[in-house]
1. Before we move on, is A:V41 modelled with pLDDT under 90, more than 8 Å from every other protein chain (Cβ to nearest Cβ) and not in a loop (DSSP other than H, G, I, E, B)?
2. So C:L370 passes all but one of these: (1) surrounded by fewer than 18 Cβ atoms within 10 Å (Cβ to Cβ); (2) of a type outside the set (S, T, Y); (3) touching a Gly at 6+ places or on another chain (Cβ under 6 Å). Which condition number does it fail?
3. Within segment C:444-465, identify whether any single residue is at the interface with chain B (Cβ under 7 Å from one of its Cβ atoms), under 23 Å from B:V18 (Cα atoms) and crowded, with 24+ Cβ neighbours inside 10 Å, and answer yes or no.
4. Among all residue pairs at least 6 apart or on different chains, which show Cβ distances below 7 Å where the first residue, located in segment A:236-248, is aromatic (F, W, Y) and the second is in a strand (DSSP E or B) and surrounded by fewer than 24 Cβ atoms within 10 Å (Cβ to Cβ)?
5. Looking at segment A:330-348, is at least one residue within 14 Å of another protein chain (Cβ to nearest Cβ), surrounded by 20 or more Cβ atoms within 10 Å (Cβ to Cβ) and touching a residue at least 24 places away in the same chain (Cβ under 8 Å)?
6. Taking only segment C:43-70 into account, find how many residues are exposed (fewer than 14 other Cβ atoms within 10 Å of the Cβ) and either of a type outside the set (D, E, K, R) or in a helix (DSSP H, G or I) (or both).
7. Residues that are part of a strand (DSSP E or B) and either free of Cβ contacts under 8 Å to residues at least 40 places away in the same chain or over 19 Å from A:S296 (Cα atoms) (or both): does segment A:374-387 have at least one?
8. Where residues in segment C:423-435 are of a type outside the set (G, A, S) and either without any contact (Cβ under 8 Å) to a residue 40 or more places away in the chain or crowded, with 19+ Cβ neighbours inside 10 Å (or both), which of them is nearest to the other protein chains (Cβ to nearest Cβ)?
Amino acid sequence: MTRWLSLSCLGLVLVCLGLVVSGCGTAVDMEDVGFVVALGVDSEDDGKVRLWLEVAEPGMGVESLAKQETLLASTEGDTLYDAFIKLETRSSRNLTLGHVRTIVIGERLARAGLRQAVDALMRDATLRLKAWVLVTPDPVEEVLSLSIAGQPAGMFIGSLMQREAQRAGAPSSRIVDLVTHIEERGVQPLIARVGLARESESAGGGGGGAEGGAAQGSASGGDGSGTSMNLSDMFVLNGAAVFKGDKMVGWLDARQSAAAVIINSRIQGYEFIHKLSADGDESIGVNLMSAHAEVSIPRECLADAEKVEGCTVEVKVNGLWGMRELISDDQFMTEEGVVALNKSISVRLKRDTDDMLRVIQTELGSDVIGIGEVFRQRMAHSNWKKISGEWDTLFQSLNIKVIVNVAGRRRGQILRSLSEDKAI
Amino acid sequence: MARTGSENDHIRTGQFAVLVAEIVFSTGFMAVGSVIATISESAAWLGTLLGAAGGLIVAWLCGTLVRLYPGMNLPAIADTVLPKALSKLASLSFAAYCTWLLGIGSRQFIIAIWIPFLESTSPLTLALVASAIIAYGASLGIEAIARASMVFFPIALLSIVVLAGLSVPVAHPARLLPIIGAGLPELGLTALITSAYGTECIVGLAFVSHLNEPSRAGRSMSWGVLVGMTLMSAVLAVATMLLGSQGVARVMFPAVEAARLVGPGEFLERSEVLLLAIWFSVGLLKQAAVFHATTVSIADALGLRTRTPVFIPLIVASVILSLYPTTVVSVLHSLKLFQRYTPWYALALPALLLTASALRPVPAEGRRRE
Amino acid sequence: MSLLRKLMVLGRGRRGADGKRSRRSEETSRGSGLGEREIPARIDSIEAEIKSLFGERNSDVIMRRVDLWTCPEVHGLLFYIEGLTDRATINAFGLEALMHGERGPVTSPLPRDPKLLVELIISHLLPAGQVSAVDDLNKVVEKVLTGEAALFIQDTRQAILFEAKGWEHRTVGEPSTEKTLRGPRESFTEVLRTNTALVRRRLKTPDLRFDGTRVGVRSKTDVVVVYIEGITDPQLVEEVKMRIASIDTDIAGDSGIIEEFIEDSPASPFPQMQYTERPDRFCAGISEGLVGIIVDTSPFALMAPANLPTFFQSAEDFYDRFPFAGTLRSLRYVAGLLALTFPAFYVAIATHHQEMLPTSLALAIAGSHLSVPFPTIVEALLMELALELIRESAVRMPDPVGQTMGFVGALLLGDAAVSAGLVSPIMVIVVAVTGLASFSIPHYSVSLAVRLLRFPLLLLASWTGLFGLTAGLVAIVLHLSGLTSLGVPYLQPLLHTGDLFKDVLWRAPVFKHRLRPGFPRPQDRVRQGSSNRQWARDDQDKEEGADGENRVRE
């Protein structure tokens, strides 16, 4: 008893000593914390880095939950951290990155390279590694200052991305993925694109392929809100930015990025309108409920590093789809009809995928679909070491054969569309 | 404190296994990845699992020793089988090993709390709190530490299971391919490096005299090594699946980084703080056990009757040891030194004692049971 | 009080004039009782002697001179203490029988021989159950002080003691601190015999032992060590008896005092003995091999060895059906942990790990804390302190007032503090949840420990965040690991993973408790036969057999 008494006394003394030495703890009260919910970076004309921080104001009571006040602070500095220091010295609160949900990167900086910008973020212990990273062709300030239905931009984009995380609408691009893929040779970063929907122009990509049909991809604009909203005040997740290392090299449009996402990961949803006839009168609303891709590489390519160049790689996409809308005279009520429909949709998906492959293989030369990673996983480490350095050029030489095979599973609640003929 | 770590302490074999597992696992697992992922890349976890072999050999040797000389701690065994000077050397080297382990463990532990967890708190504060708890635990004796470990270690084990479970939605199992990583030689090297953690089980030789069933010491020690190394390997596998092998090699504490990536949905998405808190609890207990072993072994090596004279200086020493070396680079360097040299020592010591006991001419009073 | 001092002086005087004995031996002599003292022959001198012992003016010391009706020349003195004796008994057995007999005289004249005379009076005149003749005045005084009456007969130098106990006492009532919805409603009282009877009624085995002893030089409190021969580990019984025997104190008025004298680590915040006022609970413990201690004048009986899980068991656990009882018990552990750590956890998160909260919650907390002038830790300490004050004052109030005061105080204080901007609403919620949780710990003594330990944890948490909290918890568990109760480890049942869900964290069905818990090292571990619910198994077998036959027929 005396033993533990004396020891607890000793412990107490040590604790008190610690209190004295450390200056009474480092507790920071909640109201003294500046919660950064979104972070934007871009580069300026003079090569400096401009940093935007969207800081949420602590709210009082119930009304604050409906409408979140935020403050968008911005400054420029030689580096990202330089700008951060400047903002911190001007803030009355301790800025913490622990609540950053969204990181918006300007296209200019993305094209110049992210290596330096990411460094400060990754060194921060509080940063959420699961924060979303998006690239925008629009001015970052405009994107971040947009607030929808009382929700600040950072939170809103975060929710959009969260919803798309398992779907093909946007690549699920978290900061940790960006960082990992910058370093990994076998797969390049594919980062979601966020833009502002403008009434005047149809939402399209700034770079690579803003081709026909892009309008269908802007699925995630502002659904969920019942009231009428001005479409110009909307975010659009539409397409993706293709990186080569830390530098952005171009855009994929919505269809291409969806094709890339399907190959990259197991998805659980991708909605699109598929035209059944050339003139566009007949169409079907498709929801790809699940899809995943399998990559098969011939043995000899894996066994011999020399044979990788020009190797034929087979990408097999399997999926299940459901019918959400049918505008057609043919109701596809026969087995043959369904098979034909499956084939037609598969062909469309294959066309998208081939289109995407064309862009990333020949135009951009960046392996965002991770074929190289598959090589790394399956071949001997020594072989991979030989080819990893020149993987980007090898990837361009690959002959990627895409086989899409989707099957219809769901028709919705009705068997047939409404008929004009009342006599039925 | 007069009756230090009472002589009547009894630990059951199950508790001994948990203690050993805790010693093997608790502080090493957080930082081990960054060193070995650069060597064997995606197979770092497999290397860790293979590294258990070293620990198992040491456990077997120790078990044999304890069976031959039940109820004795290492210095006593050394006194029995070795000539006087050599036995002193063995005891002193064991004490030095324990001290080294204490130092490197404390330093890693404090850094692991400080850098990812409590950036703004001074490391001295953390060291003071940690040392107070460690010293308190050590003063209560190994029995109390063993019992407390029986409470906290299952929680830590559960936390690893939770970590693995929560990582499922975000993990890429394919990142563990190719299975043998950068190649077989690299895998072997990794196993050799990680066996430094497995062989930490030799610390158990400081407690074996308290075992209620000395004949099963070897088996429970092996179980401890297996469980500890499996957990370590599991954490590494999860980290590799989440971050990729390059990601693991890049960060200071892959386990912490892995924990930062998992979370049960939006609510409590930063569960890493909770996981870390749980891991710190076993870390503290491991340090307490090593502290206890250190005091006992130093006292025995110096021929002191109680460990009281060693106690206070060692508390001060452990505070200092947990603050140096100051830079992370030199901490990593000392970690590498530890990984390179200690497995050999841990193998050599029991092997030497066993050889000596086999060569001993007449079975004296030491060989009670044959 | 003066009486005892005089007795002691007398006793010492008899032993001789060696007044220079060491203090130590003097102290031991205090407990060992008094020497002998002859009874004077004459009634007058007896009366004078008693008066000198008790003082002249003790109004409750009754000395009544009687002359036997059979032979009025025999003078006697009836000596008793009013209040300790039952008036009806005294009247019937003492006065009436001696002075107002209706039977014819047995022998006339009465024998002159004092011994024969006393025997005759015992056998013919005193119709009481427990009667004895004593020739030591000190012993007479001692007995009279426990409620017997003494009859001195002139010239015999003897006193006849007869049982006349009958003091005012509380009747067996409902337990007030261990209330249950279901189960017996009897509770121990302040009277030892009532309590032992309550136990006997539940354990009708001849193996039940009540080994009595006395503690307290002045209070002479009866203490009974209760155990069952053949179940309880004799070593435990010996240990308890040894520890009780070693108590050397003046007054031991309650089991709480005895507990503090004999527990392993009095400085620990955790109790190492359970106390209960429920005879059913007490008997359950005794039948599991625990050693019980019943103290006269205390309605709380002690049981040892205790361990942490026993303090999370409620009497009701075995009266409700097991799925609910088991779940509630698990809930109590959660409540205990919550009561211990919740405020500290909140403070740690709010001041060190803000990134851990969901953003909206973090912003709400920050918003609610905007107007609060104190740092979070001060706020928490203030509220906790207020809660403790309310609780303490509510305990001291009469029952209905106390309850109202608890509620009203908490509500008013919380609301006022929030609207005055002194504390944030979230802190009120945290403290309220903590308070609720600590109320659901069934044992007051553990709930006290939890309340006490909450404060250091709060400080540690505000100082070094969750690490501090973890360190504090590790320290507490280490302390508990080192703690023993009668030498039995305090955490033992928690460390036996096999029994964990039988009667520790959860409660298995009653018929599954085939063995007694192992921690008190019972001599006989088997509590139930294995034939329980055999009929259910038989029925099942029969049904299966019938099914099989049916199938065969089909």
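1. Details: modelled with pLDDT under 90: no; more than 8 Å from every other protein chain (Cβ to nearest Cβ): yes; not in a loop (DSSP other than H, G, I, E, B): yes.
No.
2. Only one criterion is unmet by C:L370, namely (3).
3. Checking segment C:444-465: not a single residue is at the interface with chain B (Cβ under 7 Å from one of its Cβ atoms), under 23 Å from B:V18 (Cα atoms) and crowded, with 24+ Cβ neighbours inside 10 Å.
4. A:F243/A:V249
5. Here is the first cut: in segment A:330-348, the ones within 14 Å of another protein chain (Cβ to nearest Cβ) are none.
No.
6. Residues of segment C:43-70 exposed (fewer than 14 other Cβ atoms within 10 Å of the Cβ): C:44-45, C:48, C:52, C:55-57, C:59-60, C:65.
Keeping just the survivors that are either of a type outside the set (D, E, K, R) or in a helix (DSSP H, G or I) (or both) gives C:44-45, C:48, C:52, C:55, C:59.
Adding up the residues that qualify gives 6.
7. Going through segment A:374-387, the residues part of a strand (DSSP E or B) turn out to be none.
No, the conditions are met nowhere in segment A:374-387.
8. Our first condition is that a residue be of a type outside the set (G, A, S); within segment C:423-435, this holds for C:423, C:425-431, C:433-434.
Next, only the ones that are either without any contact (Cβ under 8 Å) to a residue 40 or more places away in the chain or crowded, with 19+ Cβ neighbours inside 10 Å (or both) stay: C:423, C:426-431, C:434.
On the way: C:V423: 13, C:I426: 9, C:M427: 11, C:V428: 15, C:I429: 15, C:V430: 13, C:V431: 17, C:T434: 19 Å.
Looking at residues that are of a type outside the set (G, A, S) and either without any contact (Cβ under 8 Å) to a residue 40 or more places away in the chain or crowded, with 19+ Cβ neighbours inside 10 Å (or both), I get C:I426.
The values are calculated or read from the model by the stated rules, or taken from the named source; none is laboratory data. Since the structure is predicted, the reported quantities are computational estimates derived from the model, not experimental observations. For neighbour counting, all protein chains shown are included, and Cβ atoms are generated from backbone atoms with ideal geometry for every residue, glycine included.
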